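**Q** If you scroll down you'll find the structure; I have some questions about it.
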Amino acid sequence: MNSDQNKTKADSNFWYDKNVLITGGAGFIGSWLSRLLCDMGAAVTVLSEKNASESVLFQQYDLSKRTELVEGDIRNWQFVRDLAADGNFDILFHLAAQSQVTVAQEDPRATFEVNIAGTWNLLEAFHQTSPASAFVLASTVSVSGETTDETFDESAPLAGAYPYEVSKACAELIGKSYCRTYNMPVGTLRFSNLYGPGDMNFRRIIPGTVLNVLKNTKPQIRGNGQSVRDYLYIHDAVEALLLLGKYLQSGDVTGQVFQVSSMSCVTTLDLVKIILHLMQQDQLGYEIVHNGSAEISQIKPSSEKIRKQLGWQPRFTLEQGLQETIDWYLKHSNQLVLGEQVK
Amino acid sequence: MKNAFKNYYQGKKVLVTGHTGFKGSWLLCWLKYLGAEIIGYSLDPDTNPNFFTVCHLTDGIIDMRGDIRDFEKLSKVLQENQPEIIFHLAAQPIVRLAFQKPRDTFDINIMGTVNVLEAARYCKSVKSVIVVTSDKCYHDTGWEWGYREIDQLGGHEAYSASKACAELVAATYQEDRFRQIIQPHSEMAVATARAGNVIGGGDWAPYRLVPDVVRAISSDQDVIIRYPDATRPWQHVLEALSGYLWLGAIIQENPKVYCSGWNFGPDAPRMITVGEIVQRILKIWPDSKAKLVIEPDPQKSEAMVLHVDSSKAHHFLKWWPTWDIDQTIEAIVIWYKGFYRGHPPEMCQITLEQIQSYSTAAQAAEISWAQ
């Protein structure tokens, strides 16, 4: 604990009074990042889509009062340009994205536009107004495609099959070109599957399973349950963001890409079993909904690079993270069921 | 040779984006010769003079003007004309302009490609889309080997990055997993083509070697170059176009193999330097008063070697380059000489003769598309 306390203290000193812009700052990961930065004394501006439902967390931690909340669309060049020019930001965390896979499949154009055009707008705005500011780009390990049996690192070729993954790969390439051409301190984090308190996207396996158990219905597993994935606890992801922001500001690691993963992969089936067990509902069982796909895909991203180069490591095991997450959902179960009904 | 490419284009409805550009105009001439019904979608020609106007290419085609970023308009043109195959050439093609206009370059080259593929997806007549990108889509590691289709994509500057992104976007539409869910049109075949630096008569674009040389010669000025030792994968525009047309003609025969990325580059011996290209042009344009002046740029170093490995096209498409560098340069000089000696009315005929002589040479060389 001692070294952790020292580390947090040092980080606090670094972040105190820093002028930070977070796109997508009212979303799941954005809210956690905003809260932590506010706690450390940073001046946080949150850019959020108009009429976007703020996350439960954003409300819970009173972040609309503690941050400067700006509404706007990153596809709007003039807006983005003005925001960057007026803001004088030290660091940008670009988290805003159209990340719903189903939406991406129904409307690839909108997804490409938000995720690619939004990114080049921000890059060009910062290039024109504050080229020395650190630019942290959030991406996904899925930019390297899907069916790898082996653990893969950052050098795996870009090979996304679907619009969301491809849009992220494009955002990365454009970020890299700004870094190479203009020496801008751009860095990328590729996250594995994020989970944690406050995730209200119940189409994801972890929130969906917990909600099912709370409603006393059998969790459903689509496919065959044998797909292997890496799950990363939200606090570990936020710490990686802060770490990269700090390194970029001091000029190191410019242009680098880091995968961020727990490196403890599980099958969907095992994940559901663990959740049932932690919720002491093993007897509830589960239901496998075959979708005709016999494909077993494995995504096993390595995070050796960020561990070695930035000294990052996950602090939460899967069980610990899931326990925290379940506790949060239990505490907010009234809101959850209500929220689900509203949907 | 009107029946080249298995006679696929005879009477075929073909839509060409960027048809008023240099490469687009050559493609138009060739498609006309092959008997295709052509729909063009492009901005107005952007240089003066330009190939499109000089050769009256608007005659006999459905000549639509519009921005590739205008999805609604593009969709409407597709719906109204129901093409069977699309060649997507519309792009911001100038590397140096991309430094000045990165956002426009990304928008035109990436979202333009998205628009074409999405508009095609909702147009049931479209069976195939050939997306033209660039050999600069590869992540340039500075090595001396040619880049292969399996190599990492990516670019150091905006133009290269935009072309790498266009490749990635197009790859989504090649993926079975995505195709299965993009109803109503999952059988649409999509391939991408990555050609080298194409040269040929009728190019007047800025910041390009051959047009720069031609402009200098035609106005009796010296030809100033900064990187005389840089090599580029020079090839006549017809070489690249023969690859695109062949790919388009046979893509439906084996989509599993053909729906992918394809390099169409020159053979290694053609990797001649900028300085040599200029010298060769000057040599066969002897009455010109221009001479080569080298002004080295101490600021920047350009990548010295960049070329693609076309083994995949050799193996699967039986495609090879046809003209050597002397034939290429000769064809170029004949074209521009004709123009600058005041024979613009004959340029259409000269172009056609070059297409015919190129096709005949390909047939003699037993290249598959010409059989």
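The values are calculated or read from the model by the stated rules, or taken from the named source; none is laboratory data. What you see is a predicted model; the values in this text were computed from it and never measured. No Cβ is skipped: glycine too gets one built from the backbone with ideal geometry, and neighbour counts run over all protein chains shown. These accessible areas exclude ligands, DNA and RNA; they are computed on the full protein's heavy atoms, side chains included. Shrake-Rupley method; radii C 1.70, N 1.55, O 1.52, S 1.80 Å.
**Q** Is it true that some residue in segment A:152-172 is away from chain B (no Cβ under 12 Å) and in contact (Cβ under 8 Å) with a residue 40 or more places away in the chain?
**A** Within segment A:152-172, one or more residues are away from chain B (no Cβ under 12 Å) and in contact (Cβ under 8 Å) with a residue 40 or more places away in the chain.
**Q** Could you list, in sequence order, all residues of segment B:349-364 that are of a type in the set (A, V, I, L, M, F, W, C) and within 19 Å of B:Val214 (Cα to Cα)?
**A** B:Ile350
**Q** Still on this model: What about A:Leu158, is it surrounded by 20 or more Cβ atoms within 10 Å (Cβ to Cβ) and assigned to a loop (DSSP other than H, G, I, E, B)?
**A** Against the criterion (surrounded by 20 or more Cβ atoms within 10 Å (Cβ to Cβ) and assigned to a loop (DSSP other than H, G, I, E, B)), A:Leu158 qualifies.
Matching residues to (1) within 16 Å of the chain's Cα centre (by Cα); (2) part of a strand (DSSP E or B); (3) assigned by TED's automatic domain parsing to the domain that holds A:Gly27:
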site	(1), (2), (3)
A:Thr45	no, yes, yes
A:Leu57	yes, no, yes
A:Ser64	no, no, yes
A:Leu69	no, yes, yes
A:Arg75	no, no, yes
A:Asp82	no, no, yes
A:Leu92	yes, yes, yes
A:Gln105	no, no, yes
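**Q** Something else about it: Which residue out of A:Glu146, A:Glu124 is within 9 Å of another protein chain (Cβ to nearest Cβ) and modelled with pLDDT under 90?
**A** The conditions single out A:Glu146.
**Q** Among (1) open to solvent by less than 10 Å² (accessible area, probe 1.4 Å); (2) in contact (Cβ under 8 Å) with a residue 60 or more places away in the chain; (3) more than 22 Å from A:Leu241 (Cβ to Cβ), there is one condition A:Thr102 misses while meeting the rest; what is its number?
**A** (1)
**Q** Spot the failing condition for A:Thr129; the list is (1) more than 13 Å from every other protein chain (Cβ to nearest Cβ); (2) crowded, with 23+ Cβ neighbours inside 10 Å, and only one is missed.
**A** All conditions pass for A:Thr129, except number (2).
**Q** Taking the criterion of being in contact (Cβ under 8 Å) with a residue 40 or more places away in the chain and in a loop (DSSP other than H, G, I, E, B), would at least one residue in segment B:231-253 satisfy it?
**A** The answer is yes; a qualifying residue exists.
**Q** Next question, about the same structure. Of the residues B:Glu295, B:Glu366, which is surrounded by fewer than 12 Cβ atoms within 10 Å (Cβ to Cβ) and in contact with a strand residue (DSSP E or B) (Cβ under 9 Å, 6 or more places away or on another chain)?
**A** B:Glu295
**Q** To continue, here is another question. Would segment A:169-180 turn up any residue that is of a type in the set (Val, Ile, Thr) and buried (at least 21 other Cβ atoms within 10 Å of the Cβ)?
**A** There is at least one residue in segment A:169-180 that is of a type in the set (Val, Ile, Thr) and buried (at least 21 other Cβ atoms within 10 Å of the Cβ).
**Q** Related question: Tell me yes or no: at least one residue of segment B:138-150 is assigned to a strand (DSSP E or B) and surrounded by fewer than 20 Cβ atoms within 10 Å (Cβ to Cβ).
**A** Looking for residues that are assigned to a strand (DSSP E or B) and surrounded by fewer than 20 Cβ atoms within 10 Å (Cβ to Cβ), one finds none in segment B:138-150, hence no.
**Q** A further question follows. Here is a list of conditions, (1) farther than 28 Å from B:Tyr340 by Cα; (2) in contact (Cβ under 8 Å) with a residue 40 or more places away in the chain, and B:Phe51 meets all of them except one; can you say which number that is?
**A** B:Phe51 satisfies every listed condition except (1).
**Q** Could you give me the residue pairs with C-beta distances under 6 Å whose first residue belongs to segment B:87-105 and is within 14 Å of chain A (Cβ to nearest Cβ), whose second residue is crowded, with 16+ Cβ neighbours inside 10 Å and not in a helix (DSSP H, G or I) wherever it lies, and which are 6+ apart or on separate chains?
**A** Listed by first residue and then by second, the contacts come to B:Thr105/B:Gln92.
**Q** Taking B:Arg121 as the residue in question, decide whether it is at pLDDT below 95, at the interface with chain A (Cβ under 10 Å from one of its Cβ atoms) and surrounded by fewer than 24 Cβ atoms within 10 Å (Cβ to Cβ).
**A** yes
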